[in-house]
Amino acid sequence: MTRRFLFVLGSARADGNTELLARRAADQLPADVEQQWISLAEHPLPDFVDLRRDSDHVRAPSDTAAGLLLDATLAATDIVIASPVYWYSVSGLTKRYLDYWSGWLRTPGVDFRGTLAGRTLWGVAVLAGQEPSVADPYVGMLNNSAAYLGMRFGGVLLGNGSARGDVLGDAGALARAKEFFATEAPPARFPHDQA
């Protein structure tokens, strides 16, 4: 299968530090790798309604934000969550997208878990502080989501910045961006399964 990257942009503003870092990493992908970029701010999802115990799950039409994101997610071999670190985790826009995964797991005619199994989840994030450990909840959320679905997890490319464009001065992050997508990601494992 030809690799196809879906970049899910979770920032409330366009061309923010996280998007800049994600684009630097994406610039290193081979020319034959397809890329699709979707801004959650430009395609807002309605509040997620948990219908787990109900039977009226339906597939969202492709001309809605949910349908667009579902189709793009299913078509991707690699899903990149590009969200700034907000309160130690992903942005609200990104969390809402991930909440929709719960509904897609139960949508008739959509083998969401089976389709995503073996595919790769990546993260790109910029935080304002200098201590990368504050992003541990962010990394944990993505790793555990990938483990739950039987995906691979490529880790999170972290950068530093607060004002627009600051990340371009983070030489370490820019160097890591050049190699970020070059390695094969291992199967995701829950922390309790790694002992």
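Per-structure values
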{"read-out": "Portion, in percent, of the accessible area of the chain that falls on carbon or sulfur, probe 1.4 Å", "value": "52"}
{"read-out": "Considering only segment 1-152, percent of DSSP beta bridges that pair antiparallel, nearest 5", "value": "5"}
{"read-out": "Top of 167, 156, 134 by mean-square fluctuation, Gaussian network on the chain, Cα under 10 Å", "value": "134"}
{"read-out": "Signed unit charges on C-beta, dipole axis of the chain, positive-most listed residue 148, 16, 108", "value": "148"}
{"read-out": "DSSP beta bridge pairing in segment 91-195, given as percent antiparallel to the nearest 5", "value": "10"}
{"read-out": "Residue (of 123, 167, 92) at the positive-pole extreme of the chain, dipole from beta-carbon charges", "value": "123"}
{"read-out": "Residue 64-residue 133 FRET efficiency (beta carbon distance; Förster radius 30 Å; 0.05 resolution)", "value": "0.20"}
{"read-out": "Share of Cα-Cα pairs in the chain lying beyond 31 Å, as whole percent", "value": "14"}
{"read-out": "Cβ-placed point charges (K, R +1; D, E -1), dipole of the chain about Cα centre in debye, nearest 20", "value": "220"}
{"read-out": "Of 82, 125, 182, the one that fluctuates the most in a GNM where the chain has Cα springs shorter than 10 Å", "value": "182"}
{"read-out": "Simple label model, 7 Å out from Cα along Cβ direction - residue 88 to residue 115, nm", "value": "3.4"}
{"read-out": "Two-decimal log10 I(q)/I(0) for segment 73-179, as the Debye equation yields it once each C-alpha is a single scatterer, q = 0.09, 0.18, 0.20, 0.24 Å⁻¹", "value": "-0.25, -0.88, -1.04, -1.33"}
{"read-out": "Max mean-square fluctuation residue, GNM over the chain, Cα-Cα springs under 10 Å, options 170, 111, 63", "value": "63"}
{"read-out": "Normalised convex hull volume, segment 129-195, alpha-carbon set, Å³ per residue", "value": "108"}
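The values are calculated or read from the model by the stated rules, or taken from the named source; none is laboratory data. Values in this document were obtained by computation on a predicted structure and should not be read as measured data. All Cβ positions, glycine included, derive from the backbone under ideal geometry; neighbour counts span all protein chains shown. Surface accessibility is based on the protein's heavy atoms, side chains included, excluding ligands, DNA and RNA. Shrake-Rupley method; radii C 1.70, N 1.55, O 1.52, S 1.80 Å.
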